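The values are calculated or read from the model by the stated rules, or taken from the named source; none is laboratory data. Note that the coordinates shown come from a computational prediction; the quantities given were computed from them, not determined experimentally. Here the Cβ positions follow ideal geometry from the backbone for every residue, glycine too, while neighbour counts run over all protein chains shown. Areas reflect the complete protein model, heavy atoms only, side chains present, ligands, DNA and RNA absent. Shrake-Rupley method; radii C 1.70, N 1.55, O 1.52, S 1.80 Å.
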Amino acid sequence: MVKKSLSTPTTDFYFQGSFTYQFSALMNIPLLDLKPQLNELRDELATALLEAMDSTRYIMGPEVESLENEVAQYCTVAHGIGVSSGTDALLATLMALDIGHGDYVVTTPFSFFATMGVILRVGATPLFADIDPVTFNCDATQVEAVLAENRDKPIKAIIVVHLFGQCADMHHFRQLGARHNIDVIEDAAQAIGAEFPDTANGTTTWYKAGSLGDAGCFSFFPSKNLGAMGDGGMVVCREESLAHRLRLMRNHGAHPKYFHSLIGGNFRLDAMQAALLRVKFKHLEKWHAMRRQNAQVYNDLFTEAGTELPVITPQAIYQRCDNSATHNYHIYNQYVIRVERRDALRQHLRNNSVASEIYYPLGLHQQQCISHLNTATMPLPHTEKAADGSLALPIYPGLSRTMQEYVVEKIREFYR
Ligand SMILES: Cc1ncc(COP(=O)(O)O)c(C=O)c1O
């Protein structure tokens, strides 16, 4: 362990004399380290796993049901339906909403592949609307324009992605859904616990991601703020009829057993994963707070580094101030900066043992698997700019201030 304060580190200092080994060992900074979380909860997690094992209820059962109720309550909605992944949450939702061949779904071109993949898998066609250049989220005005341009097509839904852990403008999307009579599906895979303010009659209420659309889809992929030890996901919704169809969909459309009223799939959440997730769920708010704290440290360090550094830090759009504090509703599943000469910077960080990631190097409209749709040359300038210049830095709970100082110092060094 380093025993000295490194609040104003210099490159020379890092590699001097007897400090060399200690620092190189410490300053190997991964994009995500789950060990601090695991160390904190090891005993609790092991107990939960053993109990789930001894119960011999491996498919569905009380752990899955309890997690569903807890997540639904957290999101203040009536229903939670545990499923096998975030991808399957989206897929089951499209299937439950009867979206398929010949239908169209409007979405963002700047997301993980699953957002578009599920549209294609049910036989529907994606229509892309450009993103907001500040938040990287779906831009409701662009979506509105796409809806207007494609009036002649059977558009069934909008999939809104709350990218990197910050809500998109759900107020506007709900209005669009109501006006055009189409479903609004929230891809909240990266955003469990993020909040959005909605003001009615002068009163502002804060809503959790996933609770404002017709359905909200979460991923419990290990790198998410609430991550399983494998795959998992959940759909939340308010309407009983949709929840009923989703429960059927995740289990081959069967009820009772062996009587299939719908063609579904095996999209069930494992009981073992549910048991682990219930332990972790109790710590979620604390982990959100730690990520917010890390984001603030980066913001401050980049501000100190000065305006000549070509780095744009992420903006938390939704904040609430009361007398004593500012509350930030971004959950920072990723801390994504925009930079110049991104690929060279990434290589420089890699050379200094700092991991980073590009979310996402290519817009969905340019993916080879949809070349038949001829979307690659669509004018989506904000998406293309984001794909060329964005870089995610480590932000996980347990990342130390010293590590963050090192990351920022290495970025400064690159642009010097
Ligand atoms: C925006 C988005 N949608 C969907 C998914 C799919 O989730 P999963 O990996 O659990 O299938 C992810 C996962 O990374 C995602 O980031």
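Assorted remarks:
- Considering the range 208-223, and only residues there that are of a type in the set (Ser, Thr, Tyr) and either crowded, with 18+ Cβ neighbours inside 10 Å or within 14 Å of Gly80 (Cα to Cα) (or both), the residue that is nearest to the chain's Cα centre (by Cα) turns out to be Ser219.
- Flag for Tyr329 being in contact with a helix residue (DSSP H, G or I) (Cβ under 8 Å, 6 or more places away or on another chain) and open to solvent by less than 70 Å² (accessible area, probe 1.4 Å): no
- Residues in the range 112-131 that are within 12 Å of the ligand (Cβ to nearest atom) and open to solvent by 20 Å² or more (accessible area, probe 1.4 Å): Phe112, Phe113.
- Residue list for the range 9-42, filter: closer than 20 Å to Arg412 by Cβ, open to solvent by 70 Å² or more (accessible area, probe 1.4 Å) and modelled with pLDDT of 50 or more: Asn28
- Candidates are the residues of the range 43-84 that are outside any helix (DSSP H, G or I), open to solvent by 20 Å² or more (accessible area, probe 1.4 Å) and in contact with a Lys or Arg (Cβ under 9 Å, 6 or more places away or on another chain); the one that is nearest to the ligand (Cβ to nearest atom) is Ser84.
- Filtered by the rule that a residue be small (Gly, Ala, Ser) and either open to solvent by 60 Å² or more (accessible area, probe 1.4 Å) or not assigned by TED's automatic domain parsing to the domain that holds Val106 (or both), the range 138-185 gives a lone residue, Ala178.
- Taking the range 398-416 as the range and being touching a His at 6+ places or on another chain (Cβ under 9 Å) and either of a type in the set (Ser, Thr, Tyr) or open to solvent by 10 Å² or more (accessible area, probe 1.4 Å) (or both) as the test, the residues that pass are Glu413, Phe414.
- Of all the numbered requirements in (1) more than 16 Å from the ligand (Cβ to nearest atom); (2) of a type in the set (A, V, I, L, M, F, W, C); (3) in contact (Cβ under 8 Å) with a residue 24 or more places away in the chain, Ala145 misses one, and that requirement is (3).
- Checking Leu176 against (1) part of a helix (DSSP H, G or I); (2) within 15 Å of the ligand (Cβ to nearest atom); (3) touching a strand residue (DSSP E or B) at 6+ places or on another chain (Cβ under 7 Å), the condition it does not meet: (2)
- Complete set of residues in the range 208-265 that are within 14 Å of the ligand (Cβ to nearest atom) and of a type in the set (A, V, I, L, M): Ala209, Ala215, Leu226, Ala228, Met229, Met234, Val235
- Answer from Thr87, Thr93, Thr135 - the residue that is open to solvent by less than 40 Å² (accessible area, probe 1.4 Å), under 24 Å from Cys369 (Cα atoms) and not assigned by TED's automatic domain parsing to the domain that holds Leu393: Thr93
- Of all the criteria given as (1) polar (S, T, N, Q); (2) in contact with an Asp or Glu (Cβ under 9 Å, 6 or more places away or on another chain); (3) open to solvent by 30 Å² or more (accessible area, probe 1.4 Å), the one not satisfied by Thr383 is (3).
- Meeting the requirement of 2 or more residues that are over 20 Å from Leu242 (Cα atoms), the strands (runs of 3 or more DSSP E) wholly within the range 96-162 are 104-107, 125-128.
- Filter pass, Phe196 being of a type in the set (Phe, Trp, Tyr) and open to solvent by less than 60 Å² (accessible area, probe 1.4 Å): yes
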